[in-house]
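Below you'll find the structure, written out as structure tokens, and then a few comments.
What follows is calculated from the coordinates using simple rules that are stated; it is not laboratory data. As the structure is a computational prediction, the values presented were derived from the model and not from experiment. All Cβ positions, even for glycine, are placed from backbone atoms using ideal geometry, and neighbour counts span all protein chains on display.
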């Protein structure tokens, strides 16, 4: 399939890049969204999601290190109100890092599922999760419909 290509202001015709060419560089979100259903979870898409997950993993690990350093810097404050404020800030920071720790585990599981060739497929139905959902939430393990069913069950029957 021929697609127009702009090179230094000149419109030329070029062939659509094949998967091997796309693997050499990371795709953009627009390129991934433009791909057809027959190209779902091809090596180029997997490389895109692996890179996104690895960047998220680095960021989470960096935040955890910063929290550790921040909490080590204990400041002795004589005023009880100031001390209470500092303790509340520390508690909030720890809760945030706990959520990030759980997210880190999901990120690492997603990277492992890429390695196992299972990434992008719903755990319940085996159907594609979908590119838009994975771009929005790269750690998703359920299709939108399966996730909605699970949330409805939780709402009706509790955890």
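The value obtained for the range 70-159, namely the Cα convex hull volume divided by the number of residues, is 144 Å³ per residue. Note on residue 34 and residue 46: their simple-model spin labels are 2.4 nm apart, each label 7 Å out from Cα toward Cβ.
Between residue 87 and residue 109, the simple label model (points 7 Å from Cα in the Cβ direction) yields a spacing of 3.5 nm.
Using the Stokes-Einstein relation with a Kirkwood hydrodynamic radius computed over Cα pairs, the translational diffusion coefficient of the range 31-77 at 25 °C and a viscosity of 0.890 mPa s comes to 181 µm²/s. Under the simplified labelling scheme, the residue 55-residue 70 pair shows an inter-label distance of 2.3 nm, with each label point 7 Å from Cα along Cα→Cβ.
Please give the Cα centre distance for the range 28-84 versus the range 110-159, rounded to the nearest Å. Rounded to whole Å, the Cα centres lie 20 Å apart. When every Cα-Cα distance of the range 2-157 is counted in 5 angstrom steps from zero, the calculated P(r) takes the values 1, 8, 13, 14, 13, 11, 10, 9, 7, 6, 4, 2, 1, 1, 0 percent.
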